[in-house]
Amino acid sequence: MQKIFGGPILPTLFKLAVASIVVGILLAFFGIQPIDLWRDFLDTIARIWHMGFDAIDWSVRYVLLGAVVVVPIWLFVRLWTYLVERK
């Protein structure tokens with residue numbers, strides 16, 4: 001158990017309790033509630049998730065838009081090269 005706690009269990013728990021009280025007092029001083037921290041964290045995760053899918057949507061749109069022009073030109077050049085080399 002000491003490997004998990006980084007030392008003796010009781011002193012470590014006491015240090016964690018004291019640190020929690022100090023941080024709690026500081027957060028209360030600034031008017032921050034625990035539920036607000038949790039909501040902000042979850043909102044941030046949700047925004048990151050949506051930004052990822054927005055980036056995928058953006059890239060797929062531009063790939064398809066470019067492919068509408070590039071693929072027919074590439075196909076034409078490949079066919080033209082094949083016909084020229086064949087003769």
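Looking at Val70, Val60, Val84, Val77, can you tell me which residue is exposed (fewer than 10 other Cβ atoms within 10 Å of the Cβ), of a type in the set (Val, Ile, Thr) and on the phi < 0 side of the Ramachandran plot?
Val84
For the stretch 17-71, name all the residues that are closer than 28 Å to Phe5 by Cα and of a type in the set (Ser, Thr, Tyr).
The answer is Ser20, and nothing else.
Among the numbered criteria (1) part of a helix (DSSP H, G or I); (2) surrounded by 10 or more Cβ atoms within 10 Å (Cβ to Cβ), which one does Ile32 miss?
(1)
Do the conditions hold for Phe53, that is, is it at pLDDT below 95, among the aromatic types (Phe, Trp, Tyr), closer than 28 Å to Gly24 by Cα and in a helix (DSSP H, G or I)?
In short, no.
The values are calculated or read from the model by the stated rules, or taken from the named source; none is laboratory data. It should be emphasised that the depicted structure is a prediction, and the values quoted were computed from it without experimental measurement. Positions of Cβ are generated from backbone atoms using ideal geometry, with glycine treated the same way; all protein chains shown enter the neighbour counts.
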